[in-house]
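*Asks:* Before anything else, here's the structure in question.
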Amino acid sequence: MVAERYAYQSSGDRDDELSDAVTVTDSDGVMLLRVSWCTESAERARVVVEGDIDRDTAAVVGAVILDALAHRPVVCCDFRLTSYFGSAAVEALARAHLAAGESGRTVLLTGIAGLAERVLRVTGMLEVLAVEQ
């Protein structure tokens, strides 16, 4: 498994525009996961997760969410493009939620459907985590 990180800071008028992405591939170069975050406003960032969140990739998701939280007080995590959402994903979100709460920040979830919704509902985390419609 290989993880590559790409970071970007705006060179335009807004110095506060940030963006970051991590792509995880298997030994054959097939993408397993891509997690990116970007600035939406001075108060908010959006994390987009594409691919599988399992025991091999969940730490990457958690790290990107924590990175976004270090730059913005509200982070909205979009799971519309997530194909697999395992128990490791729940753990990564729980850790991010706790870290956000300790620092007075907020993690919001959006695009929760299918397997992700079922896993979060069964674990009780759907009632703990903030979900944006």
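*Asks:* Within segment 26-37, can you find the residues that are buried (at least 16 other Cβ atoms within 10 Å of the Cβ) and not aliphatic (A, V, I, L, M)?
*Replies:* Across segment 26-37, the qualifying residues are ARG34, SER36, TRP37.
*Asks:* Follow-up question, since we're still on this one. Could you tell me whether GLY86 is crowded, with 16+ Cβ neighbours inside 10 Å and either within 11 Å of the chain's Cα centre (by Cα) or among the hydrophobic types (A, V, I, L, M, F, W, C) (or both)?
*Replies:* The answer is no for GLY86.
*Asks:* While we're on this one: Scan segment 14-26 and report the pairs whose first residue is more than 13 Å from ALA70 (Cα to Cα) and whose second residue is at pLDDT 85 or above and of a type in the set (Lys, Arg), with Cβ atoms within less than 7 Å and a gap of 6+ or a chain change.
*Replies:* Listed pairs, sorted by first residue: ALA21/ARG34; THR23/ARG34.
*Asks:* Just give me the residues in segment 14-38 being at positive phi and at pLDDT 95 or above, in sequence order.
*Replies:* Listed by number, the list is empty, since nothing qualifies.
The values are calculated or read from the model by the stated rules, or taken from the named source; none is laboratory data. Note that this is a predicted model, so its numbers are computed, not measured. Reconstructed Cβ throughout: ideal geometry from the backbone, glycine too, with neighbour counts over all protein chains shown.
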